Amino acid sequence: MDQLLFLCIVITALDFFLIIYALTIPLYPKSWRNKVNKKYKNETATGITIIFVTMATCFLWIIYFYFLIFHL
């Protein structure tokens, strides 16, 4: 149970990091963003990653609270 709680906290921290990173993307120079987007599709990859990490975080917390509530 403690390992699941630790995993939930770590994945939540990663999710916060990704969200903060996505919010700071407009602060980078436009020329640098265009150059990176041509090669790596940075903004698209960041958005998709945020969606899947947030979904995984929600499922992990739901599983954790399920086990916590029903003492399995």
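Counting only residues that are hydrophobic (A, V, I, L, M, F, W, C) and out of contact with any helix residue (DSSP H, G or I) (no Cβ under 6 Å at 6 or more places or on another chain), which one in the range 20-31 is farthest from C58 (Cα to Cα)?
Step one: filter the range 20-31 for residues hydrophobic (A, V, I, L, M, F, W, C), giving 20, 22-23, 25, 27.
Checking the rest, the ones that are also out of contact with any helix residue (DSSP H, G or I) (no Cβ under 6 Å at 6 or more places or on another chain) come to 20, 23, 25, 27.
Numbers: I20: 18, L23: 21, I25: 24, L27: 29 Å.
In this case the residue turns out to be L27.
Looking at V53, V10, which one is aliphatic (A, V, I, L, M), modelled with pLDDT of 90 or more and exposed (fewer than 13 other Cβ atoms within 10 Å of the Cβ)? Don't jump to the end; show me each part of the working.
Numbers: V53 fails: exposed (fewer than 13 other Cβ atoms within 10 Å of the Cβ).
Only one candidate qualifies: V10.
Just to confirm my filter: which helices (runs of 4 or more DSSP H) fall fully inside the chain and include at least 1 residues that are touching a residue at least 40 places away in the same chain (Cβ under 8 Å)?
Working: elements: 2-24, 30-40, 42-70.
Once the helices (runs of 4 or more DSSP H) in the chain are filtered for at least 1 residues that are touching a residue at least 40 places away in the same chain (Cβ under 8 Å), what remains is 2-24, 42-70.
State which residue is nearest to the chain's Cα centre (by Cα) when the search covers only the range 13-41 and only residues that are surrounded by 12 or more Cβ atoms within 10 Å (Cβ to Cβ) and among the β-branched types (V, I, T).
Out of the qualifying residues, it is I19.
The values are calculated or read from the model by the stated rules, or taken from the named source; none is laboratory data. Keep in mind the model is a prediction, meaning the values are calculated, not measured. Ideal geometry is used to build each Cβ from the backbone, glycine not excepted, and the neighbour counts take in all protein chains shown.
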